[in-house]
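Everything below concerns the one structure shown next.
The values are calculated or read from the model by the stated rules, or taken from the named source; none is laboratory data. Only a predicted model underlies this, so the values are computations on that prediction, with no experimental measurement involved. Please note: Cβ atoms are built from the backbone with ideal geometry, for glycine as well, and neighbour counts cover all protein chains shown. Quick note on the areas: whole protein, heavy atoms, side chains included, nothing else; ligands and nucleic acids left out. Shrake-Rupley method; radii C 1.70, N 1.55, O 1.52, S 1.80 Å.
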Amino acid sequence: MRFWKEKRLLLGISGGIAACKTPELIRLCREAGATVTVVVTEAALQFVTRTTLEALSGGPVHGDLFAPGGSMEHIHLGRETELVILAPATADLLARMAAGIGNDLLTTLLLAHQGPVLAAPAMNCRMWRHPATRRNVALLQGDGLHLVGPETGTLACGEEGEGRMAEPPAILEAGRRLLTPQILAGKHLLMTVGPTREALDPVRYLTNHSSGKMGMAIAAAALRAGARVSLVHGPTASSPPSGATAIPVTSAREMAAATLGLWPDCDAAILTAAVADYRPATSQAQKMKKDGSGAALTLELVENPDILATLSARRAAPPPPGSTPLPASPLLVGFAAETGSALDHGREKLRRKGCDLLVVNDVAEAGSGFGEETNRVSLLWRNGREEHWPLLTKAEVGERLVAQVAAALATTGAK
Ligand code: PMT
């Protein structure tokens, strides 16, 4: 599934130093499959060349309201696009838009355009904080303008503050969120992601291979679909997607405490974490030393709380298997990492843990499970329905799963 394939974007570039990032933005958009039409203000060409923009966008760069043969361009260009991105959106461009001025091709086109517009403001921090800019931004947001950024950091002038243009991947992601149907709008999704670490001593711990990629992909898809996402995650190199409320934890007991605390407020919980089933009975305060005798070391392990089973037990008793509709909210989704007879183990685990849906991945299969970019999963529903998906990217699994969760929530009429 290539979201941007055949989507038509119009990139409006105004005159600020951040315009030098727009070639990268165009490259990303086109790589994702979108077509990009570039419209510049006169000042934009002080910062990025027409030749660069034409080479990367693969088309002419528009900028002249009165170009020979270009009559009605301000109407046609806006009509032929799904999303207008303004990057960078300077203080001057925002001011002209707020006042409804159309004194060049870009501002005239914006007056005529009826679809969504996403602006990535970029300017000096004092310009961004200036009452006139505050007023203009508030007015434009009231009119339906969407913003991404600006970020806080070092500015081109050397000052520190809010005013840096959002990075091109963040702009593209914000655009994608704008164009995604909001099937989870108003829903609160609780997730567990990644591994847990169980300390043996201050130096060593027990853990597993979970990279957090599967969970983060689901969280990203849910955010795009309009959900509020609380993400309780173990130590992982994967970053939570922007917009999620991330709650970093280390051990299974910390993950359990954070998850149980958030559970009463959520509409659905998707537990993708590879939680350590056991922890050392005691964690040494000092580093354990070997005595050099060659004798075996025996570790005593005790069972960790089972978060999924605990949440399941806290819900009202669900209806028996085979009945419809699905149990009342919160909807509870578990994951199972299995090896060998994965589906049989999964069916047994679904019964034992009492969730509504168990997503089974055979982690012994090539390209599936821990650390991979792809996954092959089977969905086992409490009511007996089963789906077996082909090998997909984790991003695709996330999107499909979010669609299933949204449909199930719509059926149950969850809060
Ligand atoms: O993170 P990646 O590298 O992208 O890999 C993804 C994944 C393989 C980790 C993921 O797709 C996955 O399968 N996660 C669940 C792994 C697992 O621990 O399965 P399990 O069979 O041990 O647990 C079953 C369910 O109970 C899971 O939802 C788990 O979060 C939950 N559980 C388990 C133990 C425990 N103490 N508490 C729990 O809540």
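Side notes on the structure shown:
- D265 meets the conditions (1) modelled with pLDDT of 95 or more; (2) more than 26 Å from A170 (Cβ to Cβ); (3) charged (D, E, K, R) in every case but one. The failed one is (1).
- G261 vs. criteria touching a residue at least 24 places away in the same chain (Cβ under 8 Å) and under 30 Å from R177 (Cα atoms): no
- Screening P121 on (1) surrounded by 18 or more Cβ atoms within 10 Å (Cβ to Cβ); (2) in contact with a helix residue (DSSP H, G or I) (Cβ under 6 Å, 6 or more places away or on another chain) shows it passes everything except condition (2).
- In summary, E24 fulfils each of the numbered conditions (1) outside any loop (DSSP other than H, G, I, E, B); (2) crowded, with 16+ Cβ neighbours inside 10 Å; (3) within 28 Å of the chain's Cα centre (by Cα) with the single exception of condition (2).
- Top-ranked residue in the range 266-293 [being within 19 Å of V402 (Cβ to Cβ) and not small (G, A, S); ranked as surrounded by the fewest Cβ atoms within 10 Å (Cβ to Cβ)]: D267
- Annotation note: of A410, A406, the sole residue that is assigned to a helix (DSSP H, G or I), farther than 26 Å from G340 by Cβ and at pLDDT below 95 is A410.
- Qualifying residues in the range 210-258 (those that are over 20 Å from the mean Cα position of the chain (by Cα) and of a type outside the set (A, V, I, L, M, F, W, C)) - the one farthest from the ligand (Cβ to nearest atom): T250
- Candidate set: the range 28-45, residues that are touching a helix residue (DSSP H, G or I) at 6+ places or on another chain (Cβ under 6 Å) and not β-branched (V, I, T); chosen: the one least open to solvent (accessible area, probe 1.4 Å): A44
- Comparison of A328, A237, A317 shows that the only residue that is modelled with pLDDT under 90, open to solvent by 50 Å² or more (accessible area, probe 1.4 Å) and under 29 Å from A221 (Cβ atoms) is A328.
- Hits in the range 347-383 - residues which are open to solvent by 40 Å² or more (accessible area, probe 1.4 Å) and within 14 Å of L331 (Cβ to Cβ): R382, N383
- Screening G163, G194, G149 for residues that are crowded, with 17+ Cβ neighbours inside 10 Å, in contact (Cβ under 8 Å) with a residue 24 or more places away in the chain, within 16 Å of the ligand (Cβ to nearest atom) and small (G, A, S) leaves exactly one candidate, G194.
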